[in-house]
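Read through the structure below, which is laid out as structure tokens, and then see the notes.
The values are calculated or read from the model by the stated rules, or taken from the named source; none is laboratory data. Treat the numbers as computed from the prediction; the structure is a model and nothing was measured. Counting neighbours? That spans all protein chains shown, and the Cβs are built from the backbone with ideal geometry, glycine included. Surface accessibility is based on the protein's heavy atoms, side chains included, excluding ligands, DNA and RNA. Shrake-Rupley method; radii C 1.70, N 1.55, O 1.52, S 1.80 Å.
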Amino acid sequence: MRILFVSSEMAPLAKSGGLGDVVSALPQALRALGHDCRVVIPLYKQIKDQYMDQLHFRRWSMINMGWRTMYTGLFEMDVMGVPVYLIDNEYYFGHDGIYLDYAFDIERFSFFQRAVLEALGEPMGFEPDILHLNDWQTGMIPVTLEAHYKSHDYHKDLCSILTIHNLKFQGIHGRERILDLFDLPEKYMNESAVLKDGVPNFLKAGITFSNRVTTVSPSYAEEIMMDYYGEGLNGILGAQRWKVCGILNGIDSLSYDPTTDRALSKNYGLKDWREGKAANKTALQAQLGLEVNPELPLLCMISRLTDQKGIDLLLYVADEILDMPLQLVIIGTGEARYEDGLRHVEERHPDKMRALIEFDEALSRQLYAASDLLLMPSVFEPCGLSQMLAMRYGALPIVRETGGLRDTVRPYNKFDGSGNGFSFSNINAHELLYTCQHAAALYYNERAAWDKLVESALQEDFSWRESALKYIELYREILRENGHAEAAERVENPPAEKEVISPAERVEKALEEKAENAQSEPKELPFEPKELELEASSHSSEMKADHKTAAKKTTATAKKAASRKKTGISSKSGSSQSEGSTDSHTGTGASSKTGRKTSRSKTSNTSSRSKNSGSKTKKPANPRE
């Protein structure tokens, strides 16, 4: 199957939370199972700053959004074996942050969704069977696809699935603004389609028009049908219950591995976890200025500091928790009232607590490895990754039984010794306190039972493979329902990426080989390192020159488009210029011929436009005409 993930985030390119991790790991798991899975995200400034030398320019075009005529560029790169497309527009995405002002974000991600649909097929060199959408930033794609493309027989076989990572954020704005941005026919602007309580709601539109809706855990799929968790959409979700299911997120078990994690003071596994965790604990205690004592239980919290995460519950009983013989370390950023509240608790208990108002990836890994317990008293939690990461490092989670926390944490059963953590049921601060006291008592008084829980946690499998298999079955179900049984059974088996070794790497490899064989029989190198150093330098210069040339070409074509517009030649949505590159995974020509046929004189230069090599998908300049 051919699957295209559409998202506002992807780690490590651009990430603000768990969404970026999911969009990074799940496509890799799907490709490992033989399916051609790719990703499209905005080309944010931070990506340009960090990865410009890896970006390949494919094409540019102009898109009409109401009174606006906006440039959109299409770039691509490879990220950990996954082809990633990036939508470029300096006005919308040339900012330091991923998310900005909410009203402006509505317009930014409206543009992104329009640009993604314009890039499908021939411009992208990829025609997916499934669009896998994520959260409100992509929620208007299914209705726009139906209104402007499928109604004119373009992408008519394309199906979509929407994953809700957090129902609280929905993308709500005024009717006139959304009509202007998406140019939808009036028949879609009603309560049975895009509107919710009289105003457009991106997430509601996605739920209504997508083929399936998933959440990131089975329990969260049940909870959002209730008034308390439904955020006003529970009625719509209940009416379409047949299309809603929950598939638990996984974690990157290769990156987060205590046996190999370079951030740790000492690596450890199932056989030596006691020594390993003790070494990491004492190292962290010394680093943070706490009493160095491996026998003291260390509690941690690694979280955004928001009301969702149950910070109010913790602040209410924090002094009583710290009356016990233990230490507490919290790392995270968020609302100022919670940041200040945690600082005040630290001031009252300077010898037992640290409130680190920051986020540091390496420090968070050290904290997982050093801690005995992880606090996660969330009011609601669609999935949660911290509890799974904590168990991966042998820290037992203390959680409230909600969403993905209920699906992943089995509370300790004193009668048979089973479990992998501790839990409480209600949104109640003293239930949190009593659960912490119960866990501390088990740590001090029943070490055999405690050790059994830790070993159970260490052996949990939260890898992405099982989740990916469930998504594959769901994709197949959607395709079969829509009469695409052949596509449902197709396994792409994308060819393995050839190892690309730069000249500089060849130099290093050659020198290492020479050093290894220095004491044995001399081995003549097939090339001279000095020559390759020059080649590496030349290669780097050529790459920089190529990117400068591509940038100049893009600027020149944009100026020509503006000139044509002044002289009365309109630049319609979908008209484009292409570098004519051929997609390395499909062999499909990437030149964009969407919009209209262009007459060419015999003397015109056509070398920059490649011929279509098989893809028959074309889009009109304005599909609504």
Nitroxide proxy distance, nm - points 7 Å out along Cα→Cβ at Leu315 and His344: 0.7 nm
task: State the extension gain, in nm to one decimal, for the chain segment bounded by Ser425 and Glu473, taking 0.36 nm per residue of separation less the distance between their alpha-carbons.
output: 14.0 nm
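Given axes a ≥ b ≥ c from the Cα gyration tensor, I'd like to know whether the stretch 249-337 is rounded (a/c under 1.5), prolate (a/b larger than b/c) or oblate.
On the way: a/c = 2.29, a/b = 1.33, b/c = 1.72.
Oblate shape, in that a/c is at least 1.5 and b/c is the bigger or equal ratio.
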query: Rounded if a/c is under 1.5, else prolate if a/b is larger than b/c, else oblate: which is the stretch 59-199, with a ≥ b ≥ c the root eigenvalues of its Cα gyration tensor?
result: rounded
- prompt: Using a Förster distance of 22 Å, how high is the FRET efficiency between Asp307 and Asp360, based on the Cβ-Cβ distance and rounded to 0.05?
  reply: 0.40
- prompt: About its Cα centre, what dipole magnitude does the stretch 161-264 give when the only charges are +1 on Lys and Arg Cβ and -1 on Asp and Glu Cβ, stated in debye to the nearest 20?
  reply: 220 debye
- prompt: Going toward the positive end of the dipole of the stretch 278-425, with +1 on Lys and Arg Cβ and -1 on Asp and Glu Cβ, which of Ser371, Gln308, Leu389 do you reach last?
  reply: Leu389
field: Accessible area of Tyr444 in the full protein assembly, 1.4 Å probe (Å², nearest 10)
entry: 100 Å²
query: Treating the beta-carbon of each Lys and Arg as +1 and of each Asp and Glu as -1, no other charges, what is the dipole magnitude of the stretch 47-150 about its Cα centre, to the nearest 20 debye?
result: 300 debye
task: Give the accessible area for Lys452 in Å² (nearest 10); use a 1.4 Å probe, count only protein heavy atoms, and leave out ligands, DNA and RNA.
output: 110 Å²
message: Please list, in order, the residues from the stretch 290-309 whose amide nitrogen is less than 17 Å from a point placed 7 Å along the Cα→Cβ vector of Tyr228.
response: 307-309
- request: Calculate, in nm to one decimal, what Asp323 and Asn445 gain on full extension: separation in residues at 0.36 nm each, minus their alpha carbon distance.
  value: 42.1 nm
- prompt: So how exposed is Phe359, as accessible area in Å² (1.4 Å probe, rounded to 10)?
  reply: 130 Å²
Simple label model, 7 Å out from Cα along Cβ direction - Ala263 to Asp157, nm: 4.4 nm
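Among Ser371, Ser16, what's the order by accessible area (1.4 angstrom probe), most exposed first?
Numbers: Ser371 0, Ser16 70 Å².
My answer, sorted largest first, is Ser16, Ser371.
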field: Which listed pairs, of Lys266/Lys352; Lys352/Lys452; Lys266/Lys452; Lys45/Lys309; Lys204/Lys470; Lys204/Lys243, have C-alpha distances above 20 Å, in listed order
entry: Lys266/Lys352; Lys352/Lys452; Lys266/Lys452; Lys45/Lys309; Lys204/Lys470
query: Given the Cα-Cα distance of Ser255 and Lys414 and 0.36 nm per residue of separation, how much length would full extension add, in nm?
result: 53.9 nm
- prompt: Once both labels are modelled 7 Å past Cα along the beta-carbon direction, what's the Leu33-Gln240 spacing in nm?
  reply: 2.3 nm
message: What whole-number distance in Å separates the alpha-carbon centres of the stretch 375-422 and the stretch 218-260?
response: 16 Å
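With only Lys, Arg, Asp and Glu charged, each at its Cβ (+1 for the first two, -1 for the last two), find how big the charge dipole of the stretch 278-383 is about the Cα centre; round to the nearest 20 debye. Before the final figure, lay out each step's value.
Values: 9 positive and 18 negative charges, 47 e Å.
Computed about the Cα centre, the dipole is about 220 debye.
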